[in-house]
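A short write-up of the structure that comes next.
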Amino acid sequence: MSNQGPTGTWVIVFSFCVAYFLALLPFPHWAEWGRPEWVALVLLYWVIALPHRVGVMTGWMVGLGVDVMEGSVLGLNALSLAVMAYLAILLHRRLRVFPAWQQALAVLVLVGLSQLMVRVISNLVGGMPSTMWYWVPSIVSAFLWPWLLVILRFIRRRFVVT
Amino acid sequence: MVVVAVLSLGLMFVDHRTQYLSPVRYYAAYLATPFQYAANVPADVSAWVYDTFSSRESLLTENAKLQARAVLLQRRVQKLAALSAENIRLRELLNSSSLVNDNVTVAEIIGVAPDPFRHEIIINKGAKNGVFMGLPVLDAQGLMGQVIEVGPFVSRALLISDSSHAIPVQINRNGVRAIAVGGGSLDLLVLTHVPDTADVVEGDILVSSGLGLRFPRGYPVGVVTRVQHDPGESFAIVEAKPSAHLDRSRHVLLVFKEQKQLDWDDLN
């Protein structure tokens, strides 16, 4: 195993592509506020599972992709996702031994923090109406985490991503 | 981490304050376009399924309805042709610039901004189709917004209801001018700085005034829904509802304005 390099890069890239697709998928009007932060969730999974491969820099580049796709100020999501990846790397040893529901709580905090950053910066560059609905996506994301964890773990083992 | 943070902050500053990153965005759109199209596929498929499997009767009813509508519209167009000819004659008499027919292209909405705070749509026409920054976007009912970001094949338009958007309007009945600012909700425009004495009543139709040279003149923008005079406020509180179906339209019109000034030679 030691002479074998990292494998399955395409699986990681593909998972982010799917996350982008889901993030752009049009939602019905009433469900717009509940859109989970797909990209952040997938990033969190890979950071916790493979911290030696997916880290701050990956988070930054993935976030830049989100900025391009959503047309927000370049660097906005990049910064928030990079910070989130950094915190996840700090916590990854602890997170791995948590049961899924406890991980979900941590995900709530991490995604919430990244959303807070996005919100603060968006407020600086242009006004946003203030409403508490803004926090719904992080809660939805936390609820989705246990299922996403199972799916992505299966994919990681099936395609032997190391 | 620090490097990344500084890099992002620098990037945000440059992107927000200057135009240096516009070419970067333009070429990055090549990467983003496939995702934007892909995200539209489920909606397309459901529309296709609906069209394919809808019953013959419902199609027949729809056809009859559309035909009746076409006749109605045709009649209106006949009248309009005479009226616009008369209008041009009168304008020539008044020695003002002639109103040239606007050049219109149809585009399709292939996406909306996933962030509910930002009222933006993505349309399937880009720089390769002649779209440019600030191009007005309309639907069949009225003005929708303007193009704010142009990619090679798709572009992004800001809707008039976005809280960072404002459009100069005029009341159709008496020509009172105002600025309609987006209310942050898809069915709300707010008219700012309207004097308490201004003649505005509920039901007034707002049309674009063409001031500011961004939007063409005379397209419907909204209908006044609420006028309130609060003695404690310096201005009247006036709210309006956009005429365009901001959340329902599928096809939009891009208006390429050709404003031709009448020369002295033309007149003599």
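The values are calculated or read from the model by the stated rules, or taken from the named source; none is laboratory data. The shown structure was predicted, so the numbers you read here are calculated from the model rather than taken from an experiment. So basically every Cβ, Gly included, is an ideal-geometry build from the backbone, and we count neighbours across all protein chains shown.
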> Of these, B:V227, B:V238, which one is more than 20 Å from B:L158 (Cβ to Cβ) and touching a residue at least 40 places away in the same chain (Cβ under 8 Å)?
Replying inline: B:V238
> Looking at segment B:95-116, which of its residues are out of contact with any Leu (no Cβ under 8 Å at 6 or more places or on another chain) and modelled with pLDDT of 80 or more?
Replying inline: B:E108, B:I109, B:I110, B:V112, B:A113
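Going by the structure shown, is A:Y134 crowded, with 16+ Cβ neighbours inside 10 Å and within 14 Å of the chain's Cα centre (by Cα)?
Numbers: crowded, with 16+ Cβ neighbours inside 10 Å: yes; within 14 Å of the chain's Cα centre (by Cα): no.
It is false that A:Y134 is crowded, with 16+ Cβ neighbours inside 10 Å and within 14 Å of the chain's Cα centre (by Cα).
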> Quick one: in segment B:197-214, which of the residues that are closer than 16 Å to B:F235 by Cβ and surrounded by 13 or more Cβ atoms within 10 Å (Cβ to Cβ) is modelled with the highest pLDDT?
Replying inline: B:V200
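Taking the criterion of being of a type in the set (V, I, T), free of Cβ contacts under 8 Å to residues at least 60 places away in the same chain and farther than 23 Å from A:L50 by Cβ, would at least one residue in segment A:89-99 satisfy it? Show your work before the answer.
Residues of segment A:89-99 that are of a type in the set (V, I, T), as a first pass: A:89, A:97.
Add one more test, that the residue is free of Cβ contacts under 8 Å to residues at least 60 places away in the same chain, and what stays is A:89, A:97.
Among the residues that remain, those that are also farther than 23 Å from A:L50 by Cβ are: none.
Looking for residues that are of a type in the set (V, I, T), free of Cβ contacts under 8 Å to residues at least 60 places away in the same chain and farther than 23 Å from A:L50 by Cβ, one finds none in segment A:89-99, hence no.
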> So B:Q19 fits all but one of (1) under 30 Å from A:V73 (Cα atoms); (2) assigned to a helix (DSSP H, G or I); what number is the exception?
Replying inline: (2)
> Out of all the residues in segment B:29-39, which are in contact (Cβ under 8 Å) with a residue 24 or more places away in the chain and either closer than 23 Å to B:M12 by Cα or at the interface with chain A (Cβ under 7 Å from one of its Cβ atoms) (or both)?
Replying inline: B:A29, B:Y30, B:A32, B:T33, B:Q36, B:A39
>> Let me spell it out: the conditions are (1) surrounded by fewer than 18 Cβ atoms within 10 Å (Cβ to Cβ); (2) at pLDDT below 90; (3) farther than 30 Å from B:N87 by Cα, and B:R217 meets all of them except one. Which number is the exception?
In response: (3)
> A:V111 fails exactly one of the following numbered conditions: (1) of a type outside the set (K, R); (2) within 14 Å of chain B (Cβ to nearest Cβ); (3) at negative phi. What is the number of that condition?
Replying inline: (2)
> With (1) under 18 Å from B:Y30 (Cα atoms); (2) in contact (Cβ under 8 Å) with a residue 40 or more places away in the chain; (3) assigned to a helix (DSSP H, G or I) as the list, and A:V68 as the residue in question, which single condition is left unmet?
Replying inline: (2)
> Could you list, in sequence order, the residues of segment B:166-183 that are among the charged types (D, E, K, R) and part of a strand (DSSP E or B)?
Replying inline: B:R177
> How many of the residues in segment A:11-30 are at pLDDT below 90 and either exposed (fewer than 13 other Cβ atoms within 10 Å of the Cβ) or of a type in the set (S, T, N, Q) (or both)?
Replying inline: 3
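Of the residues A:L44, A:L50, which is closer than 30 Å to B:V41 by Cβ and in contact (Cβ under 8 Å) with a residue 60 or more places away in the chain? Full working, then the answer.
Values: A:L50 fails: closer than 30 Å to B:V41 by Cβ.
Selected residue: A:L44, the only one of A:L44, A:L50 that is closer than 30 Å to B:V41 by Cβ and in contact (Cβ under 8 Å) with a residue 60 or more places away in the chain.
Let's see how each residue does on (1) at the interface with chain B (Cβ under 8 Å from one of its Cβ atoms); (2) among the charged types (D, E, K, R); (3) buried (at least 18 other Cβ atoms within 10 Å of the Cβ); (4) more than 16 Å from A:V120 (Cβ to Cβ):
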| site | (1), (2), (3), (4) |
| --- | --- |
| A:G71 | yes, no, yes, yes |
| A:G75 | yes, no, yes, no |
| A:V83 | yes, no, yes, no |
| A:R96 | no, yes, no, yes |
> If you take the residues in segment A:31-56 that are within 7 Å of another protein chain (Cβ to nearest Cβ) and of a type outside the set (D, E), which one is surrounded by the most Cβ atoms within 10 Å (Cβ to Cβ)?
Replying inline: A:V56
> Can B:A38 be described as hydrophobic (A, V, I, L, M, F, W, C), farther than 30 Å from A:I89 by Cβ and touching a Phe, Trp or Tyr at 6+ places or on another chain (Cβ under 6 Å)?
Replying inline: yes
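Taking the condition of a type in the set (A, V, I, L, M), over 10 Å from the mean Cα position of the chain (by Cα), under 21 Å from B:I121 (Cβ atoms) and in a loop (DSSP other than H, G, I, E, B), does B:L211 pass? Talk me through it step by step, then tell me what you get.
Working: of a type in the set (A, V, I, L, M): yes; over 10 Å from the mean Cα position of the chain (by Cα): yes; under 21 Å from B:I121 (Cβ atoms): no; in a loop (DSSP other than H, G, I, E, B): yes.
When the stated conditions are applied, B:L211 does not pass them.
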